[in-house]
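The values are calculated or read from the model by the stated rules, or taken from the named source; none is laboratory data. These numbers come from a predicted model, not from an experiment. Every residue, glycine as well, gets a Cβ built from its backbone with ideal geometry; the counts of neighbours run over all protein chains shown.
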Amino acid sequence: MLLAGDPVWRQRAARFATTVRDVAEFLAAAPLRGPLRPVERIVTYHDPCHVIHGQKLRKEPRALLAQIPGLRLVELKEADWCCGSAGTYNLTQPEMARRLQERKVANIRATGAQILVTANPGCIIQIAQGLAAGGTSTRVMHIVELLDEAYR
């Protein structure tokens, strides 16, 4: 844990950590407000490693997406498998990262999704690069970007 060696800051950090929530966890706690315009698209969701494994959040992002009218959510096979980004993993282990990326891209293609949604910038870059390299036109968006689109 960060600041574990400093008793004063360790306690402060632990208290602060109890107040921090993932944006999907925070927004899924209550129904979305206001008129949402339909987003008539087929969407699939990739669970970033830190969200699914570290924070143990699975249902919250999907609950948010389910509130967007017109959106058809298709479950992604191996949605909780790493895309190959993993912080600096794609730099330190490029071959394995490429294989993970290719597997993720194949699973995304199999959904027929027009949009892949996730909640991690590293995943967005890794997946978008893999889809573009394969000539796939699937858009890659952060979950908040898709919510913004529904509110416009």
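Structural remarks
- Meets criteria (basic (Lys, Arg), free of Cβ contacts under 8 Å to residues at least 40 places away in the same chain and assigned to a loop (DSSP other than H, G, I, E, B)) for ARG21: yes
- Here GLY84 does not qualify as outside any helix (DSSP H, G or I) and over 17 Å from the mean Cα position of the chain (by Cα).
- Residue count for the stretch 28-67, restricted to those that are without any contact (Cβ under 8 Å) to a residue 60 or more places away in the chain, out of contact with any strand residue (DSSP E or B) (no Cβ under 7 Å at 6 or more places or on another chain) and basic (Lys, Arg): 4
- Residue within the stretch 87-104 that is over 25 Å from GLU60 (Cα atoms), of a type in the set (Gly, Ala, Ser), at pLDDT below 95 and not in a loop (DSSP other than H, G, I, E, B) present: yes
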